[in-house]
């Protein structure tokens, strides 16, 4: 099983402490902070990632699913935009496949659009008015309408959860700050499938691309914002 | 019925002749020419545009549909990428609708993703391995994976048909040349719903953004290219 | 000289009246309206377009320049973001030119980045803190950081002026609404170089992509908004 | 000085070995391979990164600069497109700064467009016909014309070097594969400023986004390709 061992965790913490010293001396690792109009973006918590037995299966769902359930409840109470992504293809295996170059690196040929594997996990099922974006790349923004959708809703803050931390969540976070949003990555809401990568990618992100925050603080923030109203 | 009258056509021809003089003196209206690896991109020939009774219904389907059938036959013979678009929304009418700002200009609130209205016209039904892109904006490229898909297929030429000329076909053509493709717009394969706009937008495009070509020449070109092979 | 003659104007008005009937019956030509946080985006009012003797020279500068001066004054009074574009290339004529496919249609090989021709007209010179974007395509958004910049400034409304109406202003307007902004095109602030194209493209835009407004109303709107403050 | 210590390197190798077992069992870590038309993209080897005394100063220039010199020589021999990036801002410190949200995380307020700090290091100075892209975000593709430029040149393979590995090189690699290119990251040509991040990010990339290759193999590949010719 893919758990980060205590030894590995300790080794990583030693590295991160040394790196943080340099980053802080140089003026990195600043706090981006929360804005006024957030959206919740849940990356790839579809069955191929949340359930056992797939090439993409991730760990820690016993923490990730309840964390996302709590965030969904808070988000819905304030009617903020909720967006789910899944990664799937109309023609995963054909000679002109829409997997593009990615099938040359990872097993995306297993992800068929419309299949059970590509459907959002029913434990966090989308409600009416919530978007499900079928993306083809790691980032929720790349080759999708997400940027335009969030902009039309005047969203300034993107709360990010899901999997995988070393792939889709990381690329989405980088695109979010590049696009002019404040990215907030929820520590307990993200995961991956090999040891160490969650810790390392959260470290890189917190240094350069977005704030990594505990779920308690994010829930507290959501409680405090003004509810979205119809325009 | 929305036919461009002979008087209007004549008035437009007088304007275009005068404008062409200026353009040619200045070095506009060049020929972009055909490349080696084309794709066929069919814009919004879904029922809401091809069938009577919708807000989006267009004219001239008795020419547009057979033209597209002929192009599809030629494209499939050479196994070039074929991409259809439709414009539709997951939540066309809700307070956080994915119609964005467009519903403030045009009746996109009538276009539900997955509905019969949004489905590609069965007379030109997609075959296996052909893509159907559900877009939210006028351009087939904006907020979609089309650019990445075509690039991964090493496409250099985009053959464009469909509707509407003043909306989605025009914006798609502009994005195609901006993205580094050679846009070829098929004169008999495009249409619209009000008089004059097909003529005018074809004129603007041919001056600045892509070559407007008769279907015979496009079919001849497709006959002459090398068939796509599996990579 | 490239003036739209009274006969042409009249012919166009007849067409537009007929087309407007159809559009309004179908639910097009809606008003998008003004938002709360505008930016002023001035397209290609650089010397190659505003001064005589260039391939790109446009008409009507005796109206366009004063209109933009008035808009700049109003925009600066409220400290809203002001963005200028120019179109220019690092290597306009080389074998690996950054003109891409566009030099196959129009004379962009005359536009060198850093040249006097590509500089913003000094009558509307940028002030400190105003952006100058060097773009390679028609749209001010395509292949530039404009979307991200406006989003980070929480802009919801894009006031558009400049040239050419059938080229860069049109494509920019289409991208603006696609991106979730409210596009407002200022009638007296835009122009082109051949007869009829200003009228026609304003007609298409007002039907589908943005509101075409007289400068008086835009100035009145700018007077009424809250000034931008430091964040 | 920011060198990855032998202990840290060893700890990382233990993690990577365990992770690679899982990845390979699952079908990750495939070889994307080289295509036929490469471009060389050199990320942020400008003085603020390559010279001492800046917030952005990176390590290992004694290896990185010669590696890039060797790659440039090979690239120029075959006349493939060469693109340099730098990160800089027109208004790094103003209230409407084009640093967007990034200045809330890292010290981009030190990077003025046109300054010596933002200029490409003269040891690897651009030659005529080579592009210098001034980007605002981590990725060389985000908010720039790079994708369109490479597409117009029919490039299928992107050879990547530069800094930083945990920032701009990583994000660029992710965007490259998303865009349909084959990313090749040159191991000796990349760097960063804190221990461990080069190793970790190369590991993540090789698993999911691009091939990490030694410079010898890349030089050998460049020697073997057909030279670019004028189109």
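Values computed for the structure shown
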| read-out | value |
| --- | --- |
| Binned Cα-Cα distance frequencies in region A:83-183 - 5 Å width, integer % | 2, 12, 22, 24, 19, 13, 6, 1, 0 |
| Residue mean of other protein chain beta carbons inside 10 Å, A:82-91 | 2 |
| Nm distances between copies for residue D:217, ranked from closest, using label points 7 Å along Cα→Cβ | 4.1, 4.7, 6.2 |
| Peptide A:181-194 - average C-beta neighbours from other chains (10 Å radius) | 2 |
| Anisotropy class of region A:1-53 from Cα gyration tensor, a/c 1.5 cut | oblate |
| Pseudo-label separations to other copies for residue D:116 - Cα-to-Cβ vector, 7 Å, nm | 3.1, 6.7, 7.3 |
| Other copies of residue A:77: label-to-label distances in nm, shortest first, labels 7 Å along the beta-carbon direction | 4.6, 6.5, 6.6 |
| Cβ-based exposure ranking for B:170, B:51, D:193, in which fewest neighbours within 10 Å come first | B:51, D:193, B:170 |
| Region A:191-211 residues near the modelled residue A:9 label - backbone nitrogen below 17 Å, point 7 Å along Cα→Cβ | A:191-203 |
| Point-to-point label distance, residue B:37-residue A:93, nm (Cα→Cβ direction, 7 Å offset) | 2.4 |
| Rounded if a/c under 1.5, otherwise prolate or oblate - region A:1-138, Cα gyration tensor axes | oblate |
| For chain D, calculated [θ]222 nm from helices alone, where every DSSP H run of n ≥ 4 adds -39500 (n - 2.57) | -10500 deg cm²/dmol |
| For region D:130-231, projected area of the alpha-carbon convex hull averaged over all directions, nm² | 6.9 |
| Taking region D:35-224 and dividing mean pair separation by its residue count, relative contact order in percent (alpha carbons under 8 Å, at least six apart) | 27 |
| Global form of region C:164-218, assessed from the alpha-carbon gyration tensor, a/c cut-off 1.5 | oblate |
| Contact order relative to length of region A:1-127, as percent, for alpha carbon pairs under 8 angstrom and 6 or more apart | 26 |
| Beta bridges per DSSP with both ends in the protein assembly as shown, % antiparallel, nearest 5 | 5 |
| For the C-to-B rotation axis, chain C residue with nearest beta carbon and its distance in angstrom | C:11, 2 |
| Binned Cα-Cα distance frequencies in the protein assembly as shown - 20 Å width, integer % | 15, 50, 32, 3, 0 |
| Residue order, fewest to most beta carbons within 10 Å, for A:136, D:105, A:73, D:78 | A:73, D:78, D:105, A:136 |
| Taking C:175, D:60, D:204 and counting other C-beta atoms within 10 Å, the order from fewest to most | D:60, D:204, C:175 |
| Region D:190-231: Rg to Rh, with Rh as the Kirkwood radius over Cα pairs | 1.16 |
| Cα pair distances exceeding 29 angstrom across chain B, given as percent | 26 |
| For residues of C:9-15, the mean tally of beta carbons on other chains within 10 Å | 5 |
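None of the figures in this text is laboratory data; all of them are computed from the coordinates on show. All values derive from a computational prediction rather than experimental measurement. FYI the Cβ positions are ideal-geometry reconstructions off the backbone, even for glycines, and counts take in every protein chain you see.
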